[in-house]
Amino acid sequence: MTRIAGRLFLIANCNSVAFSLPFRYNTAMVRDSIRILQAQGHKATRPRKLVLEVLEEIEKPLSPYDIQGILRARGKYLNHVTIYRILDLLCSLNLAHKMLSSGGFVKCSLDAIEGCHRFMVCQHCGAIREFADKELCQEENAFARNFGFHTEHHLSEFSGLCSQCYRK
Ligand SMILES: [Zn+2]
Ligand SMILES: [Zn+2]
Ligand SMILES: [Zn+2]
């Protein structure tokens, strides 16, 4: 929980300076992602590592053009089609997610947790909190079964105020 709280705090305070954040990405988490990538039979290419590093470092939804701009500012160039393909791959492996409301991409922040990964998004400060709840998924499956529908995946996003903004 501490890690998530720390993450939330950081996002809440870096909203307007997203691209000038200090270099603070968690190398261990990037390494974990690379391990998962390789375990699924994908090469840990330099472009894939670069995209993972940017997602890990800038903890807010980014478009492929945002990622391209951040890399360019560091003297690294990736074609935006390449970035799109990498994001597609990362999303298919649950290493990154595409936000429903903004369409931006974020790196997955959860360890192996059962249930679909979803987000709570603060409309005031932009803080994002990822969560997964197996029981919520089961309830939704039961709800859909009443309509004869077989659910394979749930996509949802909560919109509202984070605990810090709600208190103000
Ligand atoms: Zn996730
Ligand atoms: Zn907030
Ligand atoms: Zn689910």
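The values are calculated or read from the model by the stated rules, or taken from the named source; none is laboratory data. Please read all numbers here as calculations on a predicted model, not as lab measurements. Cβ sites come from the backbone with ideal geometry, for glycine too, and all protein chains shown count toward neighbours. Surface accessibility is based on the protein's heavy atoms, side chains included, excluding ligands, DNA and RNA. Shrake-Rupley method; radii C 1.70, N 1.55, O 1.52, S 1.80 Å.
Quick look at the numbers
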{"read-out": "Conditions (1) free of Cβ contacts under 8 Å to residues at least 12 places away in the same chain; (2) over 30 Å from E53 (Cβ atoms); (3) within 16 Å of ligand 2 (Cβ to nearest atom); number of the one not met by G160", "value": "(1)"}
{"read-out": "Yes/no for A144 being at pLDDT 95 or above, more than 10 Å from ligand 1 (Cβ to nearest atom) and either touching a strand residue (DSSP E or B) at 6+ places or on another chain (Cβ under 9 Å) or open to solvent by less than 20 Å² (accessible area, probe 1.4 Å) (or both)", "value": "yes"}
{"read-out": "Criterion (more than 12 Å from ligand 3 (Cβ to nearest atom), more than 18 Å from A96 (Cα to Cα) and not polar (S, T, N, Q)) met by exactly one of C165, C137", "value": "C165"}
{"read-out": "Selection within the range 86-133 - basic (K, R) and either open to solvent by less than 20 Å² (accessible area, probe 1.4 Å) or modelled with pLDDT of 95 or more (or both)", "value": "K98, K107, R118"}
{"read-out": "The listed residue being in a loop (DSSP other than H, G, I, E, B) and more than 16 Å from ligand 3 (Cβ to nearest atom), out of E114, E152, E59", "value": "E59"}
{"read-out": "Long-range neighbours under 9 Å by Cβ, at least six apart or interchain, first residue more than 22 Å from L52 (Cα to Cα) within the range 105-127, second open to solvent by 30 Å² or more (accessible area, probe 1.4 Å) and away from ligand 2 (no atom under 16 Å from the Cβ)", "value": "E114/D133; E114/K134; G115/D133; G115/K134; G115/E135; G115/L136; G115/Q138"}
{"read-out": "Among residues of the range 147-168, those that are more than 16 Å from ligand 1 (Cβ to nearest atom), closer than 13 Å to C122 by Cα and surrounded by 11 or more Cβ atoms within 10 Å (Cβ to Cβ), counted", "value": "7"}
